[in-house]
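To start, the structure itself, in structure tokens.
The values are calculated or read from the model by the stated rules, or taken from the named source; none is laboratory data. All figures in this text were calculated on a predicted structure; none of them were measured in a lab. Ideal geometry is used to build each Cβ from the backbone, glycine not excepted, and the neighbour counts take in all protein chains shown. For the accessible areas, the whole protein counts, side chains as well, though only heavy atoms, and no ligand, DNA or RNA atoms are used. Shrake-Rupley method; radii C 1.70, N 1.55, O 1.52, S 1.80 Å.
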Amino acid sequence: MELADGVILEPLNQSHAQGLFDLTEANREYLRNWIPWLDTTKAVTDTEQFVASAVALQEKGDGPTFILFYRGSMCGIVGYHKFNRRNHSGGIGYWLGQDYQGKGIITQAVGRLLDLGFGVFQLNKVEICCASENHKSAAIPKRLGFVHDGTLRQNEWLYDHYVDHHVFSLLKSEYLQTRSSVCNE
């Protein structure tokens, strides 16, 4: 899927594993501030296992994941966690290489995931959770009209300390209202 300004979303597959691992390696120090799985991703085979599990979810229609490209360079990843089918909800996760931040890439990508979630997958609610100190990550749901539902205290062990998580959500009715407002401007 081609978005604006040279941003492309490509469904995640095994051909992306080496590039995704290399991107992780190049950004390991930066990502360590927010991502808890870096110590278990030490070789390309670890990334291949992640890709296999994400592709299995995609094949079951249970949460698509996309590799992000910016002007031809792999720059990050965005996708749904496993859908909660009973409650018609899903959570979105993302990360971007440090050099690619501030270009609107994640905002565009999450916007497209909302289109898929509320349209194709008929979700009623989409959530985004992020560390309370990760202001860049929290800016995405705020920019897209999500509501701050609350803060989960000491929600995640991040290497040597706990971090609080902000929880943001967007309901289908809010999404449809926002979309119709934008279309009428």
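Some notes on this structure:
- Residue selected from region 1-24 under the condition acidic (Asp, Glu) and at pLDDT below 95, by the criterion most open to solvent (accessible area, probe 1.4 Å): Glu2
- Taking the criterion of being out of contact with any Ser or Thr (no Cβ under 7 Å at 6 or more places or on another chain) and either under 18 Å from Gln98 (Cβ atoms) or of a type in the set (D, E, K, R) (or both), the residues of region 38-71 that qualify are Leu38, Asp39, Lys42, Glu48, Glu59, Lys60, Asp62, Ile67, Leu68, Phe69, Tyr70, Arg71.
- Selection count where residues are outside any strand (DSSP E or B), more than 26 Å from Asn33 (Cα to Cα) and either in contact with a His (Cβ under 6 Å, 6 or more places away or on another chain) or touching a residue at least 24 places away in the same chain (Cβ under 8 Å) (or both), scope region 79-102: 3
- Top-ranked residue in region 25-37 [being in a loop (DSSP other than H, G, I, E, B) and touching a Ser or Thr at 6+ places or on another chain (Cβ under 9 Å); ranked as most open to solvent (accessible area, probe 1.4 Å)]: Trp34
- All positions within region 63-80 that are of a type outside the set (A, V, I, L, M) and buried (at least 17 other Cβ atoms within 10 Å of the Cβ): Gly63, Pro64, Thr65, Phe66, Phe69, Tyr70, Cys75, Gly76, Gly79, Tyr80
- Enumeration of residues in region 40-56 that are open to solvent by 70 Å² or more (accessible area, probe 1.4 Å) and assigned to a helix (DSSP H, G or I): Thr40, Thr45, Glu48, Gln49, Phe50
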